[in-house]
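Trainee: One structure, as structure tokens, below. Some questions next.
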Amino acid sequence: MSSENTLPPEIPADLYIPPDRVEPDPPVISRPSELPFGQLGWETFERLCLRVAAQGRDSGYARLYGRPGQGQQGIDLYVRRSTGRYEVWQSKRYKEFTAAKIKEAVDTFWEGAWRQQSDTFVLCVAASLQDTEIQHEIERQAQRLQESQIEFEPLDAQRFSARLRNYPEIIDDFFGRPWVVAFCGEDAAHQLRERLPTKEAAELRKSLGNRVVPLDNFMIYKDIIRLDRPN
């Protein structure tokens with residue numbers, strides 16, 4: 001009789017029995033809840049707000065308002081709607097925000113000419129508004145604006161990040177492809193595989209200079225050069 005399949009006598013046979021339970025779930029890797037707005041310059045943060053505002057409901061035309069040094073009457077950008085009314089934004093890339101600053105922002109808007117032609121005032125800040133005093137002030141100012149048929153929408157870092165989660169291409173432009181992966185997931189990043197990452201696009205623009213590029217190979221898309229790559 002062959003001993004080829006005989007177990008070594010010193011190893012108990014039950015060690016070769018498969019486990020009677022499934023393997024535990026893999027470790028949970030949570031996505032960040034906020035984007036690093038603090039790493040953006042204030043002008044870049046304004047442009048980010050503009051890109052998001054332009055994606056909103058009934059956004060027919062969106063522009064930054066004025067140029068540095070001009071009076072802005074409490075707004076940084078505006079969106080013209082088909083109704084002829086406006087959604088206006090004030091952006092503040094502050095590390096901290098207070099209830100007094102909430103009131104100050106609304107006061108400045110209230111005293112300007114845009115109040116008469118706007119139906120939404122968005123205050124977008126890079127800080128957190130998760131504070132009871134701030135939230136009470138938000139509600140007071142919301143009631144104040146509602147009397148003039150104006151919706152008050154505060155966006156802090158968490159809420160603004162949540163809105164941006166729906167726009168991985170904007171995250172790609174302002175924060176880079178690794179943040180698309182971390183914040184939106186691999187599937188969202190895969191959808192952008194034919195889109196040239198922002199850093200590479202900037203380097204490509206610099207290397208091209210004033211040279212003519214065949215339109216069959218490149219196209220300009222929202223200020224980003226896109227390279228038509230094979231799938």
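The values are calculated or read from the model by the stated rules, or taken from the named source; none is laboratory data. Because the structure is predicted, anything quoted here is derived from the model rather than measured. Neighbour counts run over all protein chains shown; Cβ positions are idealised from the backbone, glycine included.
Trainee: Please go through region 91-110 and pick out each residue that is in a helix (DSSP H, G or I), of a type outside the set (V, I, T) and within 11 Å of I75 (Cα to Cα).
Mentor: A105, F109, W110, listed by residue number.
Trainee: Further, regarding this structure: Somewhere in region 69-90, is a residue exposed (fewer than 12 other Cβ atoms within 10 Å of the Cβ), closer than 24 Å to Y167 by Cα and modelled with pLDDT of 85 or more?
Mentor: yes
Trainee: Okay, moving on. Please count how many residues of region 119-139 are more than 16 Å from A53 (Cβ to Cβ) and either assigned to a loop (DSSP other than H, G, I, E, B) or free of Cβ contacts under 8 Å to residues at least 12 places away in the same chain (or both).
Mentor: 8
Trainee: While we're looking at this one, here's another question. Report, by residue number, each residue of region 149-172 that is assigned to a helix (DSSP H, G or I), closer than 27 Å to W114 by Cβ and out of contact with any helix residue (DSSP H, G or I) (no Cβ under 7 Å at 6 or more places or on another chain).
Mentor: Across region 149-172, the qualifying residues are Q158, R159, F160, S161, A162.
Trainee: Checking the condition modelled with pLDDT of 90 or more, part of a loop (DSSP other than H, G, I, E, B) and not hydroxyl-bearing (S, T, Y), which residue from L35, L7 passes?
Mentor: One residue alone meets the criteria, L35.
Residue-wise test of (1) aliphatic (A, V, I, L, M); (2) buried (at least 20 other Cβ atoms within 10 Å of the Cβ); (3) free of Cβ contacts under 8 Å to residues at least 24 places away in the same chain.
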{"residue": "E147", "(1), (2), (3)": "no, no, yes"}
{"residue": "E153", "(1), (2), (3)": "no, no, no"}
{"residue": "F160", "(1), (2), (3)": "no, yes, no"}
{"residue": "L164", "(1), (2), (3)": "yes, yes, no"}
{"residue": "I170", "(1), (2), (3)": "yes, no, no"}
{"residue": "V180", "(1), (2), (3)": "yes, yes, yes"}
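Trainee: Considering only residues that are under 14 Å from E43 (Cβ atoms) and either without any contact (Cβ under 8 Å) to a residue 12 or more places away in the chain or charged (D, E, K, R) (or both), which ones fall in region 56-71?
Mentor: Result: G66, R67, P68, G69.
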